[in-house]
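What follows is one structure encoded as structure tokens, with my remarks underneath.
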Amino acid sequence: MDKEKILIVDDEKEIRDLIDIYLRNEGYDTLKASDGMEALNILNNNDVQLIILDVMMPKLDGIQACMKIREEKNTPIIMLSAKSEDMDKIMGLTTGADDYITKPFNPLELIARVKSQLRRYIKLNNNASYKTKDFIEIDDLTINTETHEVIVEGKLVRLTPREFEILELLARNRGKVFSIENIYESVWKESFIQSDNTVMVHIRKIREKTEADPRKPRYIKTVWGVGYKIEK
């Protein structure tokens, strides 16, 4: 079986090399880029299963690069940043990142997050358990659980792996109300932190991509004080 290939994007050589050592020790293949433009060129010519992307870089920063990547690819993206403010985290996730870690970071924690993202990505795309029911249809929205594609009114909508998981979770359980905590622990497989608004950010992005008017959603409904659901 081919090794998963991971693209490391950071303008600091020491950090690129450090991450490279840890990833290779875990058996992954790696590619390295020093800025967003170089990363996009590499992605155009290589099949990559995960991207580790720094926020602050010359030429094309991580936020802009992430948005460019999301125009065409659903490859998992872990953002790196020296800033830990909530707005930075929200900005990173809003642009399509799947996870976020602040510098300085423990390399072992980064590796754990890489493994988690790769497991989720491979499961969504290849695992037979996701192919037992290939299509979920809700009015003009169609979810293909085999190809990981979402079609709205005949047009392909590109969701990140996390966004897709949330939509599929709600779509497979139509009529059931999921709290923010339920969604987070089902999708992220981690304990929920009360002040974390990651789920709300992802719901907003799903609505922006699937709804004609995100302020009046047809698909994911808000149950005030409880959570979210897709009606039967």
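The values are calculated or read from the model by the stated rules, or taken from the named source; none is laboratory data. Keep in mind the model is a prediction, meaning the values are calculated, not measured. So basically every Cβ, Gly included, is an ideal-geometry build from the backbone, and we count neighbours across all protein chains shown.
Miscellaneous remarks
- Flag if Asp17 is modelled with pLDDT under 85, of a type in the set (D, E, K, R) and over 23 Å from Leu156 (Cα atoms): no
- Checking Val201 against (1) more than 30 Å from Leu18 (Cβ to Cβ); (2) within 16 Å of the chain's Cα centre (by Cα); (3) not charged (D, E, K, R), the condition it does not meet: (1)
- None of Leu43, Leu31 is under 19 Å from the mean Cα position of the chain (by Cα), over 17 Å from Ile101 (Cβ atoms) and free of Cβ contacts under 8 Å to residues at least 40 places away in the same chain except Leu43.
- Those helices (runs of 4 or more DSSP H) of segment 136-231 that lie entirely within it include none in which at least 3 residues are among the acidic types (Asp, Glu) and without any contact (Cβ under 8 Å) to a residue 40 or more places away in the chain.
- Across segment 168-189, the number of residues qualifying as over 23 Å from Ile151 (Cα atoms) and among the charged types (D, E, K, R) comes to 3.
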